[in-house]
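Take a look at the structure set out below.
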Amino acid sequence: MAINLLNIEPHKVSKDLSGYITYIYGAPKTGKTTLATQMPGALLLAFEPGYNALPGVMAQDITTWGEMRQVYRELKKPEVKAAYKSIIVDTIDIAAEKCNKYICQQKDVESLGDAGYGKGWSAYKQEFNEVFRGLTQLGYAVFFIGHDKEVTVTDENDNERRIIRPALSASTKTVIAGMADIYGYAHQVAGKDMSVLTLRHPDASIECGGRFKYI
């Protein structure tokens, strides 16, 4: 391909989520899956049961990372791309476990750390990126759903505070959260029968954020 820098056009941010990764984590029953399945042309990749109460949802159960690989190949087909626009991974926590196990089997080790300095985690990150960034490059909107947990952290002055963050190991969270263009926390409002989605938090006691300037 010939490169001509004078032909470059200013980038325009898409008005929908096609080509982006959204990561929403939170407690059970906060509407994460319901929200995700309202995406256009949604296909739910169910790594754990949780869609039985959602009528009309298009779902594919996933029990191994090998099956995730099969789905990825299917999603490359033009006729499949015409049928689906959004891919929901529920939950990314279990998907991460399946990918971890897959890489360990590939390298014939018990844990990623046994593969040699950084080699296991590097292969894991590469595998995750190949599949899910590959889906965004195909034009799909990718929606990760995960669980939350509270942790206690200590700052440089030995002050402790509680932080809400995804229920993933630190290494896994670095890989997955780092992929997300939108990173939000779903939670219920105290005393009210409603849930909200926090996308920015003033004191960083909730991990969330995004690449979009005005989110």
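Considering the zone a paramagnetic label at GLU74 would reach in this model (a point 7 Å from Cα along the Cα-to-Cβ line), which residues of region 86-107 have amide N under 19 Å from it?
Once the point is set 7 Å along Cα→Cβ of GLU74, 86-92, 95-96, 98-99 turn out to lie under 19 Å by backbone N, inside region 86-107.
Which parts of region 13-38 would a label at ARG211 reach, counting a residue when its backbone N lies under 15 Å from a point 7 Å out along Cα-to-Cβ?
Flagged as within label range: 13-23.
What's the percent breakdown of Cα-Cα distances in region 71-186 across 10 Å bins, shortest bin first?
Reading the bins upward from 0: 12, 37, 32, 16, 3, 1.
If each of LYS101 and ASP193 carries a label point 7 Å out from its Cα toward its Cβ, how far apart are those two points in nm?
Simple spin-label model gives 3.9 nm for this pair.
Counting only helical runs of four or more DSSP H residues, what would the 222 nm mean residue ellipticity of the chain come to if each run contributes -39,500 (n - 2.57) and the total is spread over all its residues? Kindly include the intermediate steps, with their values, before the conclusion.
Numbers: 6 runs with 65 residues, N = 215.
Calculated from helices alone, the mean residue ellipticity at 222 nm is -9000 deg cm²/dmol.
Rounded to the nearest 0.05, what FRET efficiency do ARG200 and ASP158 have when you use their Cβ-Cβ distance and R0 = 30 Å?
Between ARG200 and ASP158 the formula returns 0.65.
How much of the accessible area of region 90-215, probe 1.4 Å, is carbon plus sulfur, in whole percent?
46
Under the definition of Cα pairs under 8 Å and six or more residues apart, what whole-number percent is the relative contact order of the chain?
Values: 336 pairs, mean separation 55.8, N = 215.
Once divided by the residue count of the chain, the mean separation gives 26 percent.
Evaluate E = 1/(1 + (r/R0)^6) for ASP108 and ALA170, where r is the Cβ-Cβ distance and R0 equals 30 Å; express this FRET efficiency to the nearest 0.05.
Numbers: r = 25 Å, r/R0 = 0.84.
With R0 = 30 Å, the Cβ-Cβ based efficiency is 0.75.
I'm checking a number: the convex hull volume of the Cα atoms of region 1-59, normalised per residue, in Å³. What is it? Show your work: numbers first, answer last.
Values: hull volume 9.0 nm³, N = 59.
So the per-residue Cα hull volume is 153 Å³.
I'd like the distance separating the alpha-carbon centroids of region 127-188 and region 1-54, in whole Å.
Here the two parts' Cα centres lie 15 Å apart.
What do the square roots of 5 times the Cα gyration tensor eigenvalues come to for the chain, in whole Å, largest first, as semi-axes of the equivalent ellipsoid?
That gives 27, 24, 21 Å for the three semi-axes.
Given a cut-off of 27 Å, name the pairs among LYS81/LYS125; LYS15/LYS101; LYS15/LYS76 whose C-alpha atoms lie farther apart than that in the structure shown.
With Cα atoms farther than 27 Å apart: LYS15/LYS101.
Over the chain, average the accessible area per residue using a 1.4 Å probe and give it in Å², no decimals.
Per-residue value: 59 Å².
The values are calculated or read from the model by the stated rules, or taken from the named source; none is laboratory data. Note that the coordinates shown come from a computational prediction; the quantities given were computed from them, not determined experimentally. Backbone-built Cβ (ideal geometry, glycine too); neighbour counts: all protein chains shown. Ligands, DNA and RNA are excluded from the accessible area calculation, which covers all protein heavy atoms including side chains. Shrake-Rupley method; radii C 1.70, N 1.55, O 1.52, S 1.80 Å.
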